[in-house]
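For reference, the structure is listed below as structure tokens.
The values are calculated or read from the model by the stated rules, or taken from the named source; none is laboratory data. This is a predicted model, so every value here is computed, not measured. All Cβ positions, even for glycine, are placed from backbone atoms using ideal geometry, and neighbour counts span all protein chains on display. For the accessible areas, the whole protein counts, side chains as well, though only heavy atoms, and no ligand, DNA or RNA atoms are used. Shrake-Rupley method; radii C 1.70, N 1.55, O 1.52, S 1.80 Å.
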Amino acid sequence: MAQLRSYIVGNWKMNGSAADVTVLQAIADAAAGHDGVDVGICPPATLIAAFASAAGPVQIGAQDCHAKASGAHTGNLSAAMIKAAGATYSIIGHSERRADQGESDADVNAKAQALQAAGMGAILCVGETLDERDSGNAIPIVTAQLAASLPDSADGDWLSVAYEPVWAIGTGRVPVAGDIAAMHAALRATLVERLGEAGKGVRILYGGSVNAGNAAEILALPDVGGALVGGASLKAESFVPIIEAALR
Ligand code: 13P
């Protein structure tokens, strides 16, 4: 299969204000000059509409969506709602939501199906805690998470996977290259086992303390199809070099 296009996505989490549209514009200018890579930004939901109208080639996504189409779910947004605001995909199953909101693999699977039904994309996050890494069982734990969170209907046209070790998020700690490569190979095997040929077309992003200094090495690893970037995506000066690293 031909090499998949790199996919570099910024997850702004609960950060940013309307004034930061200037950051988005600077990222959009850089992305416009680099058409070999897909670039996305997932701002807080309140900024999706304003960002979508200033995004240029940058794909605007949400950070979560509810599995149901409507109903008594105070504070939540459906896939159709985030789509109407201008998002074309959503992150789902981020470890911060799995921890803070108690989201299960079954919840994440249902959210993925809701996004597909709405004609949207999904970035499905999986990853182990430090205790799970130290136990030596990170690979079986994370591949089981993926298997349970992944709908049978998944394919690379609408779904990507993000491997984000919980202990690497926002800590400045990154797994050694061999551990990232081993996990991505195991996730690829799980995708192919479940989805057959379609499993080869799903991009697997790495996330957790990616920055301008380490992006090139991480993105060059086999089966690393891009990066899901938190802190370093909040400023164009730190995010654009990661986009550029994906082109090498
Ligand atoms: P950091 O890049 O800040 O470690 O965050 C990673 C992440 O959680 C992206 O979803």
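Among the protein heavy atoms of the chain, carbon and sulfur supply 53% of the accessible surface, probe 1.4 Å, non-protein parts ignored. The mean sequence distance of close C-alpha pairs (under 8 Å, at least 6 residues apart), as a share of the length of the stretch 30-132, puts its relative contact order at 24 percent.
Computed about its Cα centre, the charge dipole of the stretch 49-118 is approximately 220 debye, with only Lys, Arg, Asp and Glu carrying charge at their Cβ. Residues W158, W12, sorted by accessible area with the largest first, give W158, W12 [1.4 Å probe; ligands and nucleic acids excluded]. Of all DSSP bridge pairs formed entirely within the chain, close to 0 percent run antiparallel. Counting only heavy atoms of the protein chains and using a 1.4 Å probe, H34 has close to 40 Å² of accessible surface. Mind telling me which of G127, G102, G56 comes out most flexible in a GNM of the chain, alpha-carbon contacts under 10 Å? Maximum fluctuation in the GNM of the chain, among the listed residues, is at G102. In this structure E103 has an accessible area near 20 Å², from a 1.4 Å probe over the protein heavy atoms. The residues of the stretch 94-229 expose on average 38 square angstrom of accessible surface per residue, using a 1.4 Å probe on protein heavy atoms. A protection proxy built from the mean count of other Cβ atoms within 10 Å ranks the segments 116-123, 159-166, 84-91, most packed first, as 159-166, 84-91, 116-123. Among the listed pairs K13/K68; K13/K200; K13/K83, a Cα-Cα separation exceeding 26 Å is found for K13/K200. For the stretch 188-248, just say rounded, prolate or oblate: build the C-alpha gyration tensor, square-root its eigenvalues into a ≥ b ≥ c, call rounded for a/c under 1.5, and beyond that prolate if a/b exceeds b/c, oblate if not. Because a/c hits 1.5 or more and a/b exceeds b/c, the stretch 188-248 counts as prolate.
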